[in-house]
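*Asks:* Please see the structure below; I have some questions.
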Amino acid sequence: MTDPMETGEARALRDAVRALLARRSGPEAVRAAMASPLGYDDKLWSTLCEQIGVAGLTIPEHYGGAGAGLAEACVVLAELGRTLTPAPMLGSAVLCGEALLRTGNDEACERLLPGIAAGTTVAALAWSGADGRWTPALTASAAGLDGRAHYVLDGDTADVLLAVARTDDGAGLFEVPLDGVRRERATTLDPTRRLAVVECASTPARRLDTGGFTEPLRHLRDTAVVAVAAEQTGAAARALELTVEYTKQRRQFGRPIGSFQALKHRMADVHVHVEAARSALSAAVADGDPEAVMTAEVVCGEAFAHAAAEMVQLHGGIAITWEHDAHLYFKRAHGTARLFGEPDLSR
């Protein structure tokens, strides 16, 4: 099976994104971005969209996108994951873009997708409740939408708000006016990921899907899981690289600690996890089969958690200081593990 993330075009895309992030998204820049009012560097995001077109990769050309696919988006997400770069790529470009395309509503797509593809509009998708499950947290009735949605990516600063809500026919996708909801930034474990709580109280909303959204919702979940798996794989690989670099520099008993056999074995174990994650991600992107998607959710999440834990352990005391990046990788690993669904159920 050909790896869709290792084609010539995919490698060129990876090189372009990695080069830009190397210049513009180092550790100090990431910390500045996560502390900014938006939670990301809007100038870097504009550059990624204008020069490389990352926000429009999965959006068809007639809606202003590049007409590529999930594989190309995953290449970008893996690079953003490597550097922990905060960006609205996952929530706006991938999730909301995919949700709108799944509605079959040409008017809504023509109106909303060009801005999302250009990166000038940031969209947010309200979906799950406090338990993080995939059951819609909001309920639609003749009076409007009611309920509280949690873990909404960029939900407090987004320009467009979409919401999945329970309906008489199962589920629907709605466009929600911003002045009709209460949006509040949530305190999160992972400071590089901006999440919000969105509360609706008989909020008027426009239904966008034309034939029911229950089945498209399942496909949207699969897309979300694969996208997060790409982030996790990129971050796990980088955590391993940083750990190997450190063990070559840190010396004990007159030699680099990386030369000790016990530490070689531990880093080899992380390497095996990372390679397994790459294979699982590739299969999920190429196949799209639900079983492959669930496998990627488990394998990629475990690989990142293992890599981040070993990064902390092998860096020693410095890893738990605020100044070092190891704790950011550790927090991102545990934050993404619960972001979309429950890995234990997939396992």
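*Asks:* Take residue 120 and tell me if it is of a type in the set (Val, Ile, Thr), in contact with a Pro (Cβ under 8 Å, 6 or more places away or on another chain) and not in a strand (DSSP E or B).
*Replies:* Numbers: of a type in the set (Val, Ile, Thr): yes; in contact with a Pro (Cβ under 8 Å, 6 or more places away or on another chain): no; not in a strand (DSSP E or B): yes.
Taking the combined requirement at face value, the residue does not satisfy it.
*Asks:* May I pose another question? Of the residues 132, 104, 119, which single one is on the phi > 0 side of the Ramachandran plot and over 18 Å from the mean Cα position of the chain (by Cα)? Show your work before the answer.
*Replies:* Values: 132 fails: over 18 Å from the mean Cα position of the chain (by Cα); 119 fails: over 18 Å from the mean Cα position of the chain (by Cα).
Of 132, 104, 119, the one residue that is on the phi > 0 side of the Ramachandran plot and over 18 Å from the mean Cα position of the chain (by Cα) is 104.
*Asks:* Still on this structure: Would you check which residues across region 200-215 are surrounded by fewer than 22 Cβ atoms within 10 Å (Cβ to Cβ) and either within 19 Å of residue 339 (Cα to Cα) or of a type in the set (S, T, N, Q) (or both) and list them?
*Replies:* The answer is 202, 210, 214.
*Asks:* Among (1) more than 17 Å from the chain's Cα centre (by Cα); (2) surrounded by fewer than 21 Cβ atoms within 10 Å (Cβ to Cβ); (3) under 26 Å from residue 188 (Cα atoms); (4) touching a residue at least 24 places away in the same chain (Cβ under 8 Å), where does residue 314 come up short?
*Replies:* Residue 314 satisfies all of (1) more than 17 Å from the chain's Cα centre (by Cα); (2) surrounded by fewer than 21 Cβ atoms within 10 Å (Cβ to Cβ); (3) under 26 Å from residue 188 (Cα atoms); (4) touching a residue at least 24 places away in the same chain (Cβ under 8 Å) except (2).
*Asks:* Would you please list the contacts, defined by Cβ atoms under 7 Å and residues six or more apart or on different chains, that run from a residue in region 131-144 that is more than 20 Å from residue 181 (Cα to Cα) and in contact (Cβ under 8 Å) with a residue 40 or more places away in the chain to a residue that is small (Gly, Ala, Ser) and surrounded by 15 or more Cβ atoms within 10 Å (Cβ to Cβ)?
*Replies:* From region 131-144, the pairs are 134/128; 134/341.
*Asks:* If you go through region 46-59 one residue at a time, do you hit one that is without any contact (Cβ under 8 Å) to a residue 60 or more places away in the chain, of a type in the set (A, V, I, L, M), closer than 19 Å to residue 192 by Cβ and not in a helix (DSSP H, G or I)?
*Replies:* Checking region 46-59: not a single residue is without any contact (Cβ under 8 Å) to a residue 60 or more places away in the chain, of a type in the set (A, V, I, L, M), closer than 19 Å to residue 192 by Cβ and not in a helix (DSSP H, G or I).
*Asks:* Within the set of pairs 6+ apart or on separate chains, which have a first residue in region 238-264 that is outside the structural domain of residue 328 (by TED's automatic domain parsing) and in contact (Cβ under 8 Å) with a residue 12 or more places away in the chain, a second that is surrounded by 16 or more Cβ atoms within 10 Å (Cβ to Cβ) and part of a helix (DSSP H, G or I), and C-beta atoms under 9 Å apart?
*Replies:* Final answer for the pair search is none.
The values are calculated or read from the model by the stated rules, or taken from the named source; none is laboratory data. Here the structure is a predicted model, which means the values were calculated and not measured. Cβ sites come from the backbone with ideal geometry, for glycine too, and all protein chains shown count toward neighbours.
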